[in-house]
Each structure stands twice: as C-alpha cells, then as structure tokens.
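The next block holds one structure in the form of structure tokens; read it before the comments.
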C-alpha cells in the first residue's frame, strides 16, 4: 500500500510539473515526448538560403536558460537577409525541454 501511495504521488508530481517546460508554441505535443519542427516562417523569398544559423534555449523543471531568438540565430551565421525560419521543439515528460531556432538566409 505504501508503494502505491509513493507511485501515485510521483505521478501527480509529473502531471503537476508537466507544463513547466512543455513546448508552448509547438504545432503538436505529446505527453511523454515531443520532438517536432514547427512550420517555419517565410520572410524574404528573394533572399538566398546559403547560410544557416541556429540559436537555442533549454530548461529543466524550474530553471530555463538560453536565447532562441531569430536575431541571435541570424547573427551566429552572419545572416543579414533572412529567407525563412524553422523552429524545433523537444520536451521529455515536461521535465526537460529545448527550443532550437534555425534561420536560413544570406
């Protein structure tokens, strides 16, 4: 009986903390694991896409850090004209999550 109570308490904690680092902008998310790339934004079709830059942010339970902005991703690759942007979302049980922004341009 004591083991059942512990398992129940752990399950409730996982459910309660499930929203802590869940991918809020993801087009679809799973309760156990999420690994999707969102439908990127098209910014300038006249710009080439020869350069690729990335930026990311990640979090675990109550702590998050990073900069997943489009500006940082473009700056990391020296991109001045953005062709399009993709965003990848990853989350495991709502305990660990990561967002990666990929910018294509010239």
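The values are calculated or read from the model by the stated rules, or taken from the named source; none is laboratory data. What you are looking at is a predicted structure, and each value in this text was computed from that prediction instead of being measured. Quick reminder, even Gly has a Cβ in these numbers, built from the backbone with ideal geometry, and neighbours come from all protein chains shown.
Could you tell me whether segment 17-33 includes any residue that is surrounded by 12 or more Cβ atoms within 10 Å (Cβ to Cβ), assigned to a strand (DSSP E or B) and at pLDDT 80 or above?
Checking segment 17-33: not a single residue is surrounded by 12 or more Cβ atoms within 10 Å (Cβ to Cβ), assigned to a strand (DSSP E or B) and at pLDDT 80 or above.
If I filter segment 53-72 down to residues being in contact (Cβ under 8 Å) with a residue 40 or more places away in the chain and surrounded by 15 or more Cβ atoms within 10 Å (Cβ to Cβ), which single residue comes out as farthest from residue 101 (Cα to Cα)? Outline the logic, then answer.
In the first step, residues of segment 53-72 are kept if they are in contact (Cβ under 8 Å) with a residue 40 or more places away in the chain; the result is 53-58, 61-62, 64.
Add one more test, that the residue is surrounded by 15 or more Cβ atoms within 10 Å (Cβ to Cβ), and what stays is 53-58.
Working: 53: 8, 54: 6, 55: 5, 56: 6, 57: 9, 58: 12 Å.
Per the stated criteria, the residue is 58.
Just wondering, is there one or more residues in segment 79-92 that are farther than 17 Å from residue 105 by Cβ, under 14 Å from the mean Cα position of the chain (by Cα), surrounded by fewer than 17 Cβ atoms within 10 Å (Cβ to Cβ) and touching a residue at least 60 places away in the same chain (Cβ under 8 Å)?
Yes, some residue in segment 79-92 is farther than 17 Å from residue 105 by Cβ, under 14 Å from the mean Cα position of the chain (by Cα), surrounded by fewer than 17 Cβ atoms within 10 Å (Cβ to Cβ) and touching a residue at least 60 places away in the same chain (Cβ under 8 Å).
What are the residues in segment 38-73 that are at pLDDT below 90 and in contact with a helix residue (DSSP H, G or I) (Cβ under 7 Å, 6 or more places away or on another chain), if any?
61, the sole residue that qualifies.
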